[in-house]
1. Calculated FRET efficiency, residue 1 and residue 70, Cβ-Cβ r, R0 41 Å, to nearest 0.05?
2. For region 2-289, what is the relative contact order in percent, using Cα pairs closer than 8 Å and at least 6 residues apart in sequence?
3. Based on DSSP H runs of at least 4 residues, each adding -39500 (n - 2.57), what is the mean residue ellipticity at 222 nm of the chain after dividing by all its residues, to the nearest 500 deg cm²/dmol?
4. In which sequence would 106, 73, 267, 141 go, from the one with the fewest C-beta neighbours within 10 Å to the one with the most?
5. Jot down the radius of gyration and Dmax of region 143-195, Cα atoms only, both in angstrom.
6. Under 10 Å, Cα contacts only: if you run a Gaussian network model on the chain, which one of 23, 248, 177 comes out with the highest mean-square fluctuation?
7. When the C-alpha atoms of the chain are aligned to their principal axes, what extent does each axis show, in angstrom, from largest down?
8. If the elastic network links every pair of Cα atoms under 10 Å, which of 164, 218, 228 fluctuates the most in the Gaussian network model of the chain?
């Protein structure tokens, strides 16, 4: 079992780091990057085998167009450098995943713009290349978005882990596209050879077992691993606007309860498990212990 880290943004907030909308987790990179290193260290100490660079909010959607144009690539490089330093300082082998975030807002497949994406994503991907072991697309919402991210990440020569976010009601992509169709599209891609894992993230823990089961049903003939890192948010309304405010964190999702969910995911075939928004080092420690 490979254990991922947890949610960077809410851990930074909990630590007292600079944190507010619209910059989200990128604000700590801008104002006091020492907090980012401390957060990575906490997840490593909790038992994470993989830490993900704090580049999720290094996009125009969070930074604004002008700041991204002026400073986005530097911030992406800084995020990757800090993660590499934290991993290398550990007394055990820890890998670094380069975050490749949605560019136009989480949970919003309707906002995906392929023309802009092919211009903007390299500004986030390329500065991370020398520091990361592989790239991890995070919270993507539709097949077209995944295929473009795969193409751009694979072109770097690094392995790729592809993760999508799911509907809070059913194990389908936020776009309504099925997991079977998503995996079929990935398998048909000329870049399929670069894929090491497919994952489901930033969704309700309750839908993840069904997603893993659906993926396992259609992955015969591949050597891809399956992963899960759920969030601790209540259900997100379909009409919710990305970045409109801070979601509440579920009080019922204790570390012990999260580990119980993880056990079900493992039973369905998950080989990679971690946490997304609201899942802290204490949850990761419970996963490692389990």
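1. Details: r = 42 Å, r/R0 = 1.02.
Once the sixth-power term is evaluated, E becomes 0.50.
2. This gives 20 percent for region 2-289.
3. Values: 11 runs with 126 residues, N = 290.
Computed ellipticity for the chain at 222 nm equals -13500 deg cm²/dmol.
4. Values: 106 24, 73 18, 267 11, 141 27.
So the residues, fewest neighbours to most, are 267, 73, 106, 141.
5. 11.4, 36
6. It is 248.
7. 45, 43, 40
8. In this elastic network of the chain, the residue with the biggest mean-square fluctuation among 164, 218, 228 is 218.
Read-outs throughout are calculated quantities, based only on the coordinates presented, and are distinct from any laboratory measurement. Predicted model only: the values in this text are computed from it and were never measured. Note that each Cβ is placed from the backbone with ideal geometry, even for glycine, and that neighbours are counted across all protein chains shown.
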